[in-house]
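Note sheet for the following structure.
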Amino acid sequence: MWCFGAVGGTIPGVPVLVEALDALPKVELHCHVEGTMRPQTVVELARANGVPLPTGDPEELYVYDSLDGFLRVFWVVQSTLATRGDWARLGYESIVDGAAHGLVYREAFVTPARHLAGGQRLADVVAGLDEGLTAAEDETGVVCRLIVDMDRAFGPQAGAELVEQLADLRRAGAVGVDRVIGVGMDSTELGIDPASYGSAYQTARDAGLRLTAHQGENSPPAAIETCLDVLGVGRIDHGLSLLDDADLTARMAAERVPLTVCPTSNIVIANAHPRLADHPYPQMRAAGLLATLNTDDPALTDLDLGREYAAVAEAFDWGWSDMVQIALDGVEACWLDHTDKTRLRQQISIAADMLNPTRPR
């Protein structure tokens, strides 16, 4: 049993929508822990670990012309994490920063392929993150679980080896490994057949882990369908191309297969649309899809979960009840058990009533 993080500080008088959305308890299911690294932490870890940065100014570093262009910057940020202590710092700061903007539960991705190739041990990455996350949970009341992602840039064999290592750590009861609840894959989608990761996903399934996959950010609906039918995933991360296939959209809506959508990221990182107002998120929700709202890599896009909610509300002219329903849908889509989901829904509903900007005072 957990006590999820409390609602943020009291807002005097009638809160405006932006303040209320910031304080509203929220779930996040698509956030890369490396993408939460504070700019100052990037600079300090790079200096400590002898990692050259192309610039010391994050405003110059954090500029992206495409998903692959973003990934090059993401890999630079990843490279500053060299020790178990670095991972602990990252985990701690990630949750403290999220809690300041209404985060109460997160299922965070970590993508360790480059670190393992460079000689780090998966056990140290997991234990370090667990150390920092535990300290932040104790301080804030937020709960965080981890999803270990395969990096498609390293190929399916490396992915299979990563999942085997993770399964071995679970069997050995390694420190912090019980925090890992799922396996996914991310990085480039271009020219990658998702089915080639079938062996890795089967190993993860056999180990009792939940399954998800980044797909449809710059790949067609057929790739999403492969993830569902061949890999057996229970969730799709991004899924931007899904609406191009009406039958698959209807199926995922009927089956309530969650999508973890990151509208601002899709604009800033993937350059998928020129403006947030052009994003298909409203069409996804109108189609009955369980489309949740997330930040992706908030520190690398000058974002937080409160601002993501506020930006979406403004872009699509949505009111308080619309945004509260999105928060509740995050609970439905997460991998908590029934008891904890019920508790979290109650927390959000009670807070939503208290914070409602239109409620008579």
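Taking the criterion of being more than 15 Å from the chain's Cα centre (by Cα) and more than 19 Å from Gly184 (Cα to Cα), no residue of segment 143-154 qualifies. If you go through segment 64-84 and keep only what is part of a helix (DSSP H, G or I) and either over 19 Å from Gly216 (Cα atoms) or over 19 Å from the mean Cα position of the chain (by Cα) (or both), you end up with Gly69, Arg72, Val73, Phe74, Trp75, Val76, Val77, Gln78, Arg84.
Note on segment 319-361: residues that are among the β-branched types (Val, Ile, Thr) and open to solvent by 40 Å² or more (accessible area, probe 1.4 Å) amount to 4.
Where residues in segment 117-152 are assigned to a helix (DSSP H, G or I) and either hydroxyl-bearing (Ser, Thr, Tyr) or farther than 19 Å from Arg179 by Cα (or both), which of them is most open to solvent (accessible area, probe 1.4 Å)? Per the criteria, the residue is Ala117.
Yes/no per residue for (1) touching a residue at least 40 places away in the same chain (Cβ under 8 Å); (2) more than 21 Å from the chain's Cα centre (by Cα):
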position: Asp168; (1), (2): no, yes
position: Arg179; (1), (2): yes, no
position: Val183; (1), (2): no, no
position: Ala195; (1), (2): no, yes
position: Arg205; (1), (2): no, no
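Being within 21 Å of Phe109 (Cβ to Cβ) and out of contact with any strand residue (DSSP E or B) (no Cβ under 7 Å at 6 or more places or on another chain) is true of Ala270. Scan segment 222-248 residue by residue and report those that are farther than 21 Å from His32 by Cβ and in contact with a Lys or Arg (Cβ under 8 Å, 6 or more places away or on another chain). Within segment 222-248, just Gly232 meets the criteria.
Could you list all residues from segment 68-89 that are more than 19 Å from Arg121 (Cβ to Cβ) and open to solvent by less than 20 Å² (accessible area, probe 1.4 Å)? Of everything in segment 68-89, those that are more than 19 Å from Arg121 (Cβ to Cβ) and open to solvent by less than 20 Å² (accessible area, probe 1.4 Å) turn out to be Gly69, Phe70, Leu71, Val73, Phe74, Val77. Can you list the helices (runs of 4 or more DSSP H) lying wholly within segment 273-355 that have 1 or more residues being hydrophobic (A, V, I, L, M, F, W, C), touching a residue at least 24 places away in the same chain (Cβ under 8 Å) and touching a Ser or Thr at 6+ places or on another chain (Cβ under 7 Å)? In segment 273-355, the matching helices (runs of 4 or more DSSP H) lie at 305-316, 320-333. Among the residues making up segment 65-111, those that are under 23 Å from Asp22 (Cβ atoms) and charged (D, E, K, R) are Glu93, Asp97, Arg106, Glu107. Taken as a whole, the structure places Val261 among residues that are buried (at least 22 other Cβ atoms within 10 Å of the Cβ), within 16 Å of Ala213 (Cα to Cα) and under 22 Å from the mean Cα position of the chain (by Cα). For segment 15-63: of the residues being part of a loop (DSSP other than H, G, I, E, B), within 30 Å of Ala333 (Cβ to Cβ) and open to solvent by less than 40 Å² (accessible area, probe 1.4 Å), which is modelled with the lowest pLDDT? Taking the candidates together, the pick is Pro15. Residue count for segment 90-116 under the criterion of being small (Gly, Ala, Ser), farther than 20 Å from Leu209 by Cβ and open to solvent by less than 50 Å² (accessible area, probe 1.4 Å): the result is 4.
The values are calculated or read from the model by the stated rules, or taken from the named source; none is laboratory data. These figures come from a predicted structure and were not determined experimentally. In this analysis, Cβ positions are derived from the backbone assuming ideal geometry, glycine residues included, and neighbour counts consider all displayed protein chains. These area figures cover heavy atoms from the full protein model, side chains too; ligands, DNA and RNA do not enter into them. Shrake-Rupley method; radii C 1.70, N 1.55, O 1.52, S 1.80 Å.
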